[in-house]
Structures are given as C-alpha cells and as structure tokens.
Amino acid sequence: MSTDVAIIGLGIHPFGRTPDKTGLQQCAIAVSDALKEANVAWNDVDFAFGGSTDAGNADTLVSELGLTGIPFMNVANGCATGGSALAAACNTIRSGAGKLGLVCGFDKHARGAFKVNPKEWGLGNWYGEEGFALTTQFFAMKIQRYMHDYGITEMTLARVAEKAFRNGALNPNAWRKTPISIDEILTSQMVNDPLRKYMFCSPSEGAVALLVCPASDAEKYTKTPIFVASCLMRTRRFGTLEVFSPSKAIEDQKTVTQDASKAAYEEAGIGPGDIDVAQIQDTESGAEIMHMAENGLCEDGEQEHMLAQGETDLDGKLPINTDGGCIANGEPIGASGLRQVHELCLQLRGTAGSRQVKASPKTGYAQVYGAPGVSGVTILNS
Amino acid sequence: MPNQKPVDANLFDWPASSPRLWGSRCALCGNVSFPVAQRCSRCSHDEQDRFHLSTEGILWSWTVQRFPPASPPFPPSDGNPFEPFTLGYVELPGEVRVISRLFYNAQQTPHIGQNLKLAFEQLYCDADGTEIIGYGFTPHGDTK
C-alpha cells in the first residue's frame, strides 16, 4: 500500500447500560478522550467516518463537538460498521485526501434480542411469521452442524463463555465484570439449542473513537503509534450459510470471514502464524469457535483441545478476546468492531493493565461478522 | 370449515390437493433457489423457471426457539403462552437446503441426517378468523 496509516489516539465510553446518556453523547465522550490522547483539538481533525444502527446519525456529532465544516460520512454496515469506517478512513489517508481523521462507532439498543423487520433484509414478511427472523437461530444452527461435523462438545462452548467473563472481570470498560463458572454456564437456560443464556452476548450500549493519520506524521502525536497493516471488509459469496438465509445451496463455499481473512493476510503480507493476539466475533460461544478456524488461527476441530488447554487464555499461546469480547461487553452494533481495534491497540502498546498478554505482542488481528453476511478484518502492528 | 390461506402465496399453493413448496431453477446454470428468485444468486442470470421442490429431505441442522420472537413480525400471542418450536435447514437432495419449521410429536427428537417429509400447520389465526398456514417438515420412514 502507498501510505501507511497509524492509529494515534484512542477513546472509549464504557459498554453496558448508560441510561443517562444518549448514544451520541457517549460517542462525544469517546471522541474527546481520543483527542486528548493525541493532544489535538477537534479543529485539527479534517475528516471523519462513523456510524450507529439505533442511536442516530454519526455526522450529527458535529453538534456536540463543534461545527468545523469537515466532511463527515455516515457508515451503516451492521456489525461491520466500525471496520468499514476504519477501512474508509485508511483509504482517505492513503489517497492523500485527509491528514487527520476520526473514526467512531456507537450504539444504544433496547433490551432483548434485536427486533428484525424482514423487509429491511430483503425477505418477505412470512419469514418473520414462521418465526425465523432471529439472528440467534442462525448462530445456533451453524454451530449445531459444526459440532456434528468436527466433534466440538458443549463443554468447549462453556469454556469460551467462561473465558469471556474471566477476561471481562479484568476490563474496567466491560459490561459483565463477574466471572461465571463452567457449571453455571452449562446449567443456564437453554435459549437456542445448543446455546444457553450465558453463551450469548446481548445488545448493549457503548462508543469507541480512534484518530488516524499517515504513519509519517505519527510521532507528532504519540510515542506509541499502532500501524494498520490491513483493514477491509467483504460480503458473502454464493453457497455460504449466513444470517437471514431462507435457503442455502447444497455446495459449500468458503465463508465470508474466510474470504475477508485471506484478503487481509495477503494485504498485510503475513500469515496466521504471525498473529500474537486476536479479537474475533463472539456473538455467542459457537461463533468464537468457528471464527478461530475461519480466520486461519487453527484447523477445524482443534478448538476442542485448544480451549481445554487454555491456549486462548490471556497467558496462552494465542490469546483471543482479551477484553471479554462481545459476550462480556455486549454488542452495541456500531461500536463493536472498533472495540476490538481499541483493545488490540492497548495490547500492542503494552498498556492493557491486568489483562495484558504475556509476551510483548507485535501483531494483532480483529474480525467482525454480521447480518446479512458481512465480515471485516483488521490487522495491526506495533 | 374456517377460511385458510398460506402465510405467503408465493411459497406454496393453499388450499391444494397435494401442496408443495415453490422453488426456481436457473435457466443458465441450473442453480435452485428458495423462495422463487428473479435472478440467480450463483451466476446472476435473470431467467428463472418456477417448479415444485421435493417433498422429502434430510435434516441438515436444527435448533429450538425457546423464547418468543418479537411481534411483529411474529404473530401476536393473543394471551396464549408461548410454545417453543423447532426449526432447521432441510436438504432437498439435488436441489437446495431450505429453512423450515420442524413438526415433532412428543416421542420424536431432531437429529442431523434424519429423513423428513413436507407438512403444513396453522401458524396463527388473523383478526377475521382466517387460519394462516405455514410450511414445515416432519420425520418419516426410517428415523432412529
């Protein structure tokens, strides 16, 4: 790539429930923190990309931050909103069209499962009347088949959730900060077989902001820039099983995450063996397990012994979802992907506090997945 | 006999002597779509031939919906307690895997690879008493 891009400022508003603040207000706080970190003023920012699903138009943030006249583009890509915003900002820097950009994502969802209007997803109303308009069912049916094909057990589903809550307990910005035992997880209410209550993330609230600039400018702003080795998103191809699919071809194809992952490794010029720490979409336990393989971090079926041996723990060979992931943070759709990037930056800077992974990580990997079959991957270097 | 109608007239004919799901086959590449498509999702060709999908299939994956889906689009409860329901993807050999309700009696449990046949049940009654009919699959034959 022509111009390398650096992340030089970070801000996050804690995830969870914040009844006294709108999503936009939470985002304005995250932006202020990112500006302070980089020691710049809002007036210095010359472009912005941002998005939310349920909490308003990102470009109205200018009312909170100041009416400086910059181009501010709204991004709406479901769970890949943050990743898409970062990708667009990187391209803006690389093209020379901007020198200091804001990337932000925020959301504020009502309690309970996401309410889905089938028509917004290109489906007839019958899809909802039959009872199929739920994202949770898709994840359940995908892992059900995966467990059948690759010998993954319910215990491994529980281990993923147990790790998420354990890591969340070390993260001051997490929503769920109380560890939950394997036994409690395995006896919690069944929601969509084989997935139980404590294996799922829930819609929540939160905001994340990042500042980006050309790598050559980074030292003006920070001693610890993090460099973007790759940032891209892909949509699904024919033959894969995705959220909100009335049917699926009998021939199986590589998933959208496999496609995005392969492209990202190629862009970064590295392979899965170079990854030191990863944040991957864990809408529920099964998603983390399947995404480990889809992102090339293991072979199908290896997750069973990797989880049993703690290989994805903070002190393991390949720590995954070190901030507690979606399971401990909940999922504010617009903010979720940037939360992963924020956590990777902390880990690569070596400032993740009590959840800092052991060996000084050099390369981090983030992946989001969402309806109707989009996946975004970001690879960062210290 | 109360009035009945299909949950969507493009999915299957109802009432009908032997109702079947409608699918479409791409005139260029032969790919099968459900529901009927205007354009092929594999090759983008826009000539699609409507045909009746197989009434028999095998269970590819499944789950149970144990909490009430949001209404709308799910039919209102009308004060009745929510009954969990089973659903899955059913592979129609040589055609396509379709999402479907799974109708089981108390003695039957879902398992991947199970033989299934097409069935229809009332999903709900609309405001004027019309019974809305949905499609599903139910075990048959050599089920373990």
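Data table
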{"quantity": "Antiparallel DSSP beta bridges within the protein assembly as shown, percent to nearest 5", "calculated": "80 percent"}
{"quantity": "Rg in Å to one decimal, and Dmax rounded to a whole Å, for the range A:60-136 via C-alpha atoms", "calculated": "17.4, 51"}
{"quantity": "Neighbour-count order for A:Met199, A:Met155, A:Met141, A:Met292, fewest beta carbons within 10 angstrom listed first", "calculated": "A:Met155, A:Met141, A:Met292, A:Met199"}
{"quantity": "Test item: B:56-67 mean partner chain Cβ contacts at 10 Å", "calculated": "6"}
{"quantity": "Values of log10 I(q)/I(0), in the order q = 0.19 Å⁻¹, for the range A:23-95 under a Debye, Cα-only, solvent-free model", "calculated": "-0.81"}
{"quantity": "B:Thr55-A:Leu186 FRET efficiency (beta carbon distance; Förster radius 51 Å; 0.05 resolution)", "calculated": "0.85"}
{"quantity": "Peptides ranked, highest mean first, by Cβ atoms within 10 Å: ranges A:162-170, A:236-244, B:43-51", "calculated": "A:162-170, A:236-244, B:43-51"}
{"quantity": "Of every Cα-Cα pair in the range B:55-139, the percent that sits beyond 20 Å", "calculated": "38 percent"}
{"quantity": "Beta bridges per DSSP with both ends in the range A:253-381, % antiparallel, nearest 5", "calculated": "60 percent"}
{"quantity": "Chain A: relative contact order in percent, alpha carbon pairs under 8 Å with at least 6 residues between", "calculated": "26 percent"}
{"quantity": "If the convex hull is drawn through the Cα atoms of chain A, its volume per residue in Å³", "calculated": "128 Å³"}
{"quantity": "Neighbour-count order for A:Lys177, A:Lys223, fewest beta carbons within 10 angstrom listed first", "calculated": "A:Lys223, A:Lys177"}
{"quantity": "Ranked A:Ser382, A:Ser63, criterion: other C-beta atoms within 10 Å, fewest first", "calculated": "A:Ser63, A:Ser382"}
{"quantity": "Test item: A:118-131 mean partner chain Cβ contacts at 10 Å", "calculated": "6"}
{"quantity": "Average beta carbon contacts from partner chains per residue of B:109-115, 10 Å cutoff", "calculated": "1"}
{"quantity": "When each of A:Lys177/A:Lys362; A:Lys254/A:Lys317; A:Lys177/A:Lys248; A:Lys119/A:Lys248 is checked by Cα-Cα distance, pairs over 29 Å", "calculated": "A:Lys177/A:Lys248"}
{"quantity": "Sequence ranges A:186-197, B:118-129, ranked by mean other-Cβ count within 10 angstrom, highest first", "calculated": "A:186-197, B:118-129"}
{"quantity": "Equivalent-ellipsoid semi-axes of the range A:42-174, from the Cα gyration tensor, Å, largest first", "calculated": "36, 21, 16"}
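None of the figures in this text is laboratory data; all of them are computed from the coordinates on show. Given the structure is predicted, the values throughout are model-derived calculations rather than measurements. In this analysis, Cβ positions are derived from the backbone assuming ideal geometry, glycine residues included, and neighbour counts consider all displayed protein chains.
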